Every structure is written in C-alpha cells, then in structure tokens.
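The block underneath contains the structure these notes are about, expressed in structure tokens.
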Amino acid sequence: MEELQSLIAKAKKIVFLGGAGLSTESGIPDFRSSDGVFKAIRAYGVPPETLLSIDFFEDYPEIFYDYYKKFLIYPDAQPNKAHKALAKLESIGKLNAVVTQNIDGLHQAAGSKNVLELHGSILRAYCSSCRKSYDADLMNHGTGVPRCGCGGVIRPDIVLYEEQLDNDVMMRAIQYIRNADVLIVGGTSLKVYPAAGLINYYRGNKLVLITRSSTPAEADLVIHGKIGEVFAQV
Ligand code: NAD
C-alpha cells in the first residue's frame with residue numbers, strides 16, 4: 001500500500017483500466033468469480049458467451065431480455081470507495097482517464113468525467129433496426145421485449161459477443177494508456193479481448209495490478225485485496 005501511495009503521490013498522468021470486479025462491492029456480481037453471473041447463466045442451458053451474443057439477441061430477444069433484466073440491471077447500485085477515489089484523483093488533476101469494461105455507469109455516478117466505456121452502457125438504448133435513441137429506463141425496467149415504432153427491437157448500447165468494439169473509444173484508450181505514467185489495472189480477470197490486450201500498450205514501469213484473485217498478467221506492483229478497500233487507503 002505504501003508503494004501505491006507513493007506512486008500516486010508522484011504521478012500526473014494515471015490511467016485506470018478496470019472491469020467487473022470494481023463494482024462487486026457495489027452489489028453487482030462479476031462474471032467469472034464463483035458467485036458470478038456466468039454460473040447463473042448456465043441455468044438457461046446455453047453458454048454465457050452464446051446468450052450474450054448478437055446472434056442470440058436477434059434470434060431469441062425474449063430469452064435475452066429475461067436474462068438481461070435479471071442479471072445485468074441493478075437499479076439500487078451506488079458507486080463504492082474505488083469509484084469515488086478514482087473520481088477524486090481525476091478532479092485533483094492526477095488521473096487522465098478511466099478505461100472500463102463495465103457497463104453500469106457507476107464511474108460517472110461517482111463524478112468521473114473522462115470515462116472510456118469499451119463495452120458500452122446499459123444506460124443508453126437504441127433501436128437495432130433504425131438506430132433511433134431511446135430512454136434506457138423503458139428498456140431496463142419495462143416488461144417484455146421493448147420495441148421501436150418502426151417494429152425493430154430496442155437494444156442496450158452494449159457490445160455483445162461477436163460484435164466489434166467502437167474503434168474511436170479503443171483508439172483513445174490506447175492513446176491514454178501509451179501516455180500514462182502509472183497504469184492501475186483492477187477488478188478484471190483480463191480474459192476478455194481486446195480489452196485485456198490494452199495493457200500491452202503501456203510503456204512505463206509502474207504497472208499496478210489490484211485483484212482479489214490471480215490474473216494472467218505480470219505487473220510491477222501487485223496488490224491482492226478488495227479494490228474498494230485498497231482505494232479507501234489512497
Ligand atoms: P470478470 O468477471 O471476468 O473478472 C472480474 C475480476 O475481478 C476477477 O478476477 C475477480 O477475482 C476480480 N474481483 C471481483 N471483485 C473484486 C474486488 N472487490 N476487488 C478486486 N478484485 C475483484 O470481469 P471482467 O474482466 O471485467 O470481464 C467481464 C465482462 O463482463 C466485461 O466485459 C464487462 O463488460 C462485463 N461485466 C460488467 C459488469 C458491470 O458493468 N458491473 C458486471 C459483470 C460483467
């Protein structure tokens with residue numbers, strides 16, 4: 001912790017790269033932990049990667065939305081100490097960007113301004129046919145499959161399996177990570193590509209990894225612990 005505190009004290013261009021583990025302390029389960037969402041998805045009889053794919057969404061929107069509303073929407077979730085500490089680091093000019101795989105909008109709720117959402121957000125919705133924007137509340141909290149006036153199915157603005165990430169968001173994330181003096185990676189299993197590959201663009205020697213479990217990546221500083229509790233001390 002002392003080493004992390006010292007790195008942050010000297011840093012001017014921190015970038016944070018995070019994933020679902022950042023929001024578990026806000027009550028949103030991650031995917032791959034033993035109590036994660038992937039386990040629950042198996043009850044649907046299809047692999048999680050299939051259920052969350054664009055093909056499945058198009059073929060079985062009723063089943064997709066049944067799962068989506070049960071397992072991806074947490075209306076009562078609030079930012080935790082990690083989200084808040086990152087927002088504070090940005091406000092005092094130490095952190096340049098948060099690059100997140102999360103789709104829950106909790107970084108913005110905590111006050112972060114420069115958030116690059118690699119996988120989109122459940123707080124935005126649009127028609128999969130005519131692309132008209134819709135109020136996400138109707139999609140997230142209404143019943144059944146939400147439909148547009150044109151007849152198309154309204155979908156969350158999230159990146160499903162088999163879909164491409166937004167190129168502009170990806171390029172900006174690469175740019176920030178390349179220029180970072182400290183890269184803090186936290187709450188991600190680093191198993192979802194291309195997001196996981198972003199750490200390879202970091203050119204410094206202050207790569208910090210904060211995780212509850214083991215990860216495939218090596219780092220200059222590894223802190224095992226709950227990320228909210230770690231950030232409460234910075
Ligand atoms: P993941 O589920 O694959 O991995 C989460 C990692 O975080 C695990 O290594 C776990 O041990 C660790 N972790 C969990 N709680 C932690 C805590 N309190 N402190 C420290 N580490 C903790 O998640 P991923 O790597 O982000 O990839 C999964 C995909 O699922 C992403 O694409 C993401 O978009 C999506 N997802 C998002 C949310 C969300 O928006 N909150 C929730 C679930 C899944």
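Where a number appears in this text, it was derived from the coordinates with a stated rule and is not lab data. This structure is a prediction, so every number in the text was calculated from the model and none was measured. Note that each Cβ is placed from the backbone with ideal geometry, even for glycine, and that neighbours are counted across all protein chains shown.
If you take the charge dipole of the stretch 62-165 about its Cα centre, with +1 on Lys and Arg Cβ and -1 on Asp and Glu Cβ, which of GLY151, LEU72, LEU86 is farthest toward its positive end? Most positive-ward Cα: LEU86. Pairs of Cα atoms nearer than 8 Å and 6+ residues apart set the relative contact order; for the stretch 1-133 it is 26 percent. Over all other residues within a Cβ to Cβ distance under 15 Å of GLU25, the charged ones net out to -1, with Lys and Arg as +1 and Asp and Glu as -1. Think of each Lys and Arg Cβ as +1 and each Asp and Glu Cβ as -1; about the Cα centre, that makes the dipole of the chain roughly 680 debye. Helices in the chain, meaning DSSP H runs of at least 4 residues, each add -39500 (n - 2.57). Divided by all residues, the mean residue ellipticity at 222 nm is -8500 deg cm²/dmol. When the chain is treated as a GNM with alpha-carbon contacts under 10 Å, the residue of ARG131, ARG32, ARG212 showing the greatest mean-square fluctuation is ARG131.
Summing +1 for each Lys or Arg and -1 for each Asp or Glu, what net charge is found among the other residues whose Cβ lies under 13 Å from the Cβ of LYS226?
-1
Rounded to whole numbers, the Karplus 3J(HN,Hα) couplings from phi for the stretch 120-130 are x, 8, 6, 8, 10, 9, 8, 6, 5, 9, 9 Hz, using 6.51 cos²θ - 1.76 cosθ + 1.60 with θ = phi - 60°, and x at Gly and Pro.
Please give the charge dipole size of the stretch 29-73, origin at the Cα centre, charges +1 on K and R Cβ atoms and -1 on D and E Cβ atoms. Round to the nearest 20 debye. Please list the in-between numbers first.
Working: 5 positive and 8 negative charges, 56 e Å.
My answer is approximately 260 debye.
Which FRET efficiency, nearest 0.05, do ARG131 and GLU62 yield, Cβ-Cβ r, R0 22 Å?
On the way: r = 22 Å, r/R0 = 0.99.
After rounding to 0.05, the efficiency reads 0.50.
If R0 is 35 Å, the Cβ-Cβ spacing of ARG172 and ALA43 corresponds to a FRET efficiency of close to 0.40.
Relative to 2.2 N^0.38 Å, what does the C-alpha radius of gyration of the stretch 29-73 come to as a ratio? Two decimals please.
Working: Rg = 10.0 Å, N = 45, 2.2 N^0.38 = 9.3 Å.
Compared with the compact-globule rule of thumb, the stretch 29-73 sits at 1.07.
Considering only THR211, GLY45, ALA11, the residue lying farthest towards the positive end of the dipole of the chain is ALA11, judged by Cα position with unit charges set on Cβ. Among ASP76, ASP135, ASP166, the largest mean-square fluctuation in a Gaussian network model of the chain, built with springs joining Cα atoms closer than 10 Å, belongs to ASP76. Say the cut-off is 24 Å between C-alpha atoms; which of LYS39/LYS88; LYS39/LYS113; LYS84/LYS206; LYS12/LYS88; LYS69/LYS132; LYS13/LYS191 go over it? Those over the limit are LYS39/LYS88; LYS39/LYS113; LYS13/LYS191. For ILE14, the shell of other residues with beta-carbons less than 12 Å away shows a net charge of +4, using +1 for Lys and Arg and -1 for Asp and Glu.
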